[in-house]
1. Any idea how many residues of region 90-102 are over 18 Å from the mean Cα position of the chain (by Cα) and either surrounded by 10 or more Cβ atoms within 10 Å (Cβ to Cβ) or part of a loop (DSSP other than H, G, I, E, B) (or both)?
2. Only residues that are within 16 Å of ALA101 (Cα to Cα) and either part of a strand (DSSP E or B) or out of contact with any Gly (no Cβ under 9 Å at 6 or more places or on another chain) (or both): list them for region 57-89, please.
3. Those residues that are modelled with pLDDT under 95 and either in contact with a Phe, Trp or Tyr (Cβ under 7 Å, 6 or more places away or on another chain) or among the β-branched types (Val, Ile, Thr) (or both), I need them from region 56-74; list them, please.
Amino acid sequence: MKIMILTLLGAVVALPASAQDVPSSPQWPLEGPVKTPSKALQVPTKLDPVNQSLTDILNSGGRIVSSYIGRTGPVVTVMAKGKYTVCVLVGQNPQTDQNVATSECYALN
């Protein structure tokens with residue numbers, strides 16, 4: 001009986017006191033001048049402005065292949081005619097006098 005109580009007491013002592021004590025997983029991508037084999041090098045990447053709206057790209061046969069919600073609204077990656085384009089959408093916002101949704105698109109290849 002004493003062994004079981006000591007075992008349980010040891011298990012309770014071994015538990016973290018709060019969620020702050022639990023190590024968190026590393027942020028991705030790794031930020032700053034981190035030197036580790038798992039951090040990729042930063043290399044120049046093509047990011048050419050596209051003078052076409054997301055609506056026009058989709059209407060001409062493009063399809064959304066990924067999306068997420070960014071700081072100002074949705075960010076989508078579109079594939080059209082074998083090319084990938086990333087578009088940042090900014091919705092209507094009466095606080096900034098933006099009364100029309102806009103998209104800002106960049107070709108990746």
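1. Number satisfying all stated conditions: 9.
2. ILE57, LEU58, ILE69, GLY70, ARG71, PRO74, VAL75, VAL76, CYS87, VAL88, LEU89
3. Answer for region 56-74, where residues must be modelled with pLDDT under 95 and either in contact with a Phe, Trp or Tyr (Cβ under 7 Å, 6 or more places away or on another chain) or among the β-branched types (Val, Ile, Thr) (or both): ILE69, THR72.
The values are calculated or read from the model by the stated rules, or taken from the named source; none is laboratory data. Model, not experiment: these values are computed from the prediction. Cβ: placed from backbone, ideal geometry, glycine included. Neighbour counts: every protein chain shown.
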